[in-house]
1. I'd like the residue in the stretch 402-428 that is under 50 Å from the mean Cα position of the chain (by Cα) and aliphatic (A, V, I, L, M) and, out of all such residues, is surrounded by the most Cβ atoms within 10 Å (Cβ to Cβ).
2. Within the stretch 364-385, can one find any residue that is within 30 Å of Ala149 (Cβ to Cβ), touching a residue at least 24 places away in the same chain (Cβ under 8 Å) and either not assigned by TED's automatic domain parsing to the domain that holds Ala254 or not in a helix (DSSP H, G or I) (or both)?
3. Quick check: anything in the stretch 280-290 touching a residue at least 60 places away in the same chain (Cβ under 8 Å), of a type outside the set (Gly, Ala, Ser) and assigned to a strand (DSSP E or B)?
4. Kindly indicate whether any position in the stretch 229-236 is within 30 Å of Asp45 (Cβ to Cβ), hydroxyl-bearing (Ser, Thr, Tyr) and either assigned by TED's automatic domain parsing to the domain that holds Trp58 or part of a helix (DSSP H, G or I) (or both).
5. If you check Val295 against the conditions, is it part of a loop (DSSP other than H, G, I, E, B) and over 30 Å from Ala173 (Cβ atoms)?
6. Please go through the stretch 109-163 and pick out each residue that is more than 30 Å from Ala294 (Cα to Cα) and among the charged types (D, E, K, R).
7. Which one is surrounded by the fewest Cβ atoms within 10 Å (Cβ to Cβ), of the residues in the stretch 331-363 that are under 23 Å from Asp128 (Cβ atoms) and either touching a residue at least 60 places away in the same chain (Cβ under 8 Å) or β-branched (Val, Ile, Thr) (or both)?
Amino acid sequence: MAYEWTAPAPMADASSPATLRAEDLLRSAIQAAPSAAGCTLAEFDTTSVLSLERALEWMLCRSPNMRQALAAVNEQTAGLRLADLAWRPQVNLSAERASNRIPISNNGSSALSESLTGSVGLSWVLFDFGARSAGLEQARLSLASALAAQDANTLASLRDALKIYVEAAAARAKLDVQEQALRLAAQSAGAARAKYAAQVASLSEKLQAETALAQATLERVRAQGNWRSAAAALAVAMGLRANTELLLPAPETAFAEWTDDSLDAADMERIRNEHPRIRALRADAQALAARLDAVRADGRGSLSLSGSLAATRALGVGNGGFDRSVNTSLLATIPLFNGAQQAARELQVQSQISAREALVQAAERELDIALAQAVVQLQIEQENQTASRAFLSTAQQGFEVALGRYKAGVGSIIELLTAQAALSTGQAQWQQAKIARANAQIGLALTAGRLGPSSQRR
């Protein structure tokens, strides 16, 4: 297509209804993450533009890490079910057929007796000093930890997916910039050839312009190769073939706009309470506290009720009936002389709790630092985008003036090529600034863990 330069559009206003918050895009993207029912996606359409949200959906649905996190959640869900079933009595049904040969004389003769026995047994823990309650609470908190870890894994998968998409978008933007630079170089070379043909320019000017055109052609070929490599990586991450044709939108429309670049004390406290990694570590510490209660209860003993109803019939003895029996027992178990062992078990769990609480504190500090850095990075990228927009506007005007002066015979080829290089640099910096700002926007959302509560995704 012919070269057309359009002035950079103003940055989106925070009050604009069309503005899409980055965390809303992320929350929407994770709807396609693997769940208990799996995930399904429509057939990939190579003719439609691949938005960031659509790319994230495909990458999350195909992510092995997401499936691993889902398996951990399913495992803890089963553990919670087992802990709940511990409150119920256990009932067993058994059947036995027995044969017994008894010698009755010295000549080797014997008698054979056979019997058939059926029984129903019941066992029920009546009292265990809170061991089952503690086990149930531990299982519940372990499930909460697994769910939070799944959210944290989603954040990590989103970060990896975003990196791949941004690299592809940057490669595509770089190719667009090099194609524009090639058109600029062709325009300058055409003007130099025309002046040389009219004998108003020297051969040196013509060769300088053609050299710049050859350099622009080489840079365009390199950009094309980088784009193909990045597109292949993106396609593979989406579960597609590496040679799948991908169409990416322009950087200004590819990423969601961010409407806030600061965090106050209330925001920081809320993020500390809601961040998936912090929630997972806190749930682990609470689960260990419940484990400590269970260990202490185990050291106090238990009271169990058991009973059975059995019926036995002798086989081969005419019309013999069933001999029935009923057995019941109440069993009290009280550990004795296990003080040292019990103290060691409790100390072991207490040490694990202390270590987990230290991890929570360390994670909170790391989160504070990461959030501060993410906010500063976003502010820097916003300033860079404003500066690059001003630079591009000035460079465009400079090129138009230099080209007009050269055509009019009052400007030099050096002036034109310098203005051409400045415009190409301005276009590249403008594209890079838009992508870097968008990356910083969503990076802040990922650092803050803004995915929404797990209940919204289930």
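1. Leu416
2. So far as the stretch 364-385 goes, no, none of its residues is within 30 Å of Ala149 (Cβ to Cβ), touching a residue at least 24 places away in the same chain (Cβ under 8 Å) and either not assigned by TED's automatic domain parsing to the domain that holds Ala254 or not in a helix (DSSP H, G or I) (or both).
3. Within the stretch 280-290, not a single residue is touching a residue at least 60 places away in the same chain (Cβ under 8 Å), of a type outside the set (Gly, Ala, Ser) and assigned to a strand (DSSP E or B).
4. Yes, some residue in the stretch 229-236 is within 30 Å of Asp45 (Cβ to Cβ), hydroxyl-bearing (Ser, Thr, Tyr) and either assigned by TED's automatic domain parsing to the domain that holds Trp58 or part of a helix (DSSP H, G or I) (or both).
5. Answer is no for this residue.
6. Glu114, Arg159, Asp160, Lys163
7. Looking at residues that are under 23 Å from Asp128 (Cβ atoms) and either touching a residue at least 60 places away in the same chain (Cβ under 8 Å) or β-branched (Val, Ile, Thr) (or both), I get Ile334.
Rundown of residues vs (1) crowded, with 17+ Cβ neighbours inside 10 Å; (2) at pLDDT 85 or above; (3) among the acidic types (Asp, Glu); (4) within 30 Å of Leu331 (Cβ to Cβ), yes/no style:
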| site | (1), (2), (3), (4) |
| --- | --- |
| Arg140 | yes, yes, no, yes |
| Gln150 | yes, no, no, no |
| Glu167 | yes, yes, yes, no |
| Leu175 | yes, yes, no, no |
| Ala181 | yes, yes, no, no |
| Ala185 | yes, yes, no, no |
| Ala216 | yes, yes, no, no |
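The values are calculated or read from the model by the stated rules, or taken from the named source; none is laboratory data. A quick note: this is a predicted structure, and the numbers were derived from the prediction, not measured. No Cβ is skipped: glycine too gets one built from the backbone with ideal geometry, and neighbour counts run over all protein chains shown.
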